[in-house]
Amino acid sequence: QVQLVESGGGLVQAGGSLRLSCAASGRTFSTYVMAWFREAPGKEREFVASVSRSGSATYYADSMKGRFTISKDNAKNTVYLQMNSLKPEDTAVYYCAADDKIATIRTTDAKKYDYWGQGTQVTVSS
């Protein structure tokens, strides 16, 4: 069982940067694979990035590679998403997700993740 709270969203101009944070409760944070998803109005929830239980391995959707960086700090019970070179099409609600049953961080299906935060809005202006 884990509770997740995202923060760090906001309004930014195209080309700018934001860092999202996801704070987790519980004492078993290190046992969870963590991921970020995003959902724009009228669109399906989209995989962004994931990180292994230890934080040593990461995986990204092709469209995010080179711009976004996910990291996991087990000592702080926090996962981060550093977003650079933001584009208007990055505008969405960003969700933090966790699961302790996933076998591979290459899982991109949102339905495979059992725990979700409330989301944080990211708006990129052109």
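Observations
- The stretch 33-126 - percent relative contact order, Cα under 8 Å, separation 6 or more: 30
- Members of 87/112; 72/101; 43/101; 43/72 lying beyond 25 Å, as alpha-carbon distances in this model show: 87/112; 43/101; 43/72
- Stokes-Einstein D for the stretch 4-94, Kirkwood Rh over Cα pairs, 10 °C, 1.306 mPa s (µm²/s): 117
- Comparing Cα centroids, the stretch 8-54 and the stretch 80-96 end up 8 angstrom apart.
- Using 0.36 nm per residue and subtracting the Cα-Cα separation, the extra length available between residue 57 and residue 19 on full extension is 11.8 nm.
- Highest to lowest packing among 44-52, 13-21, scored as the average C-beta count within 10 Å: 44-52, 13-21
- From largest to smallest, the equivalent ellipsoid semi-axes obtained for the stretch 52-126 from the alpha-carbon gyration tensor read 22, 14, 13 Å.
- Beta bridges from DSSP with both residues in the chain: antiparallel share about 90 percent, rounded to the nearest 5.
Bear in mind that the values in this text are calculations on the coordinates, not laboratory data. All values reported here derive from a predicted model rather than from experimental measurement. Virtual Cβ from ideal backbone geometry, glycine too; neighbours counted across all protein chains shown.
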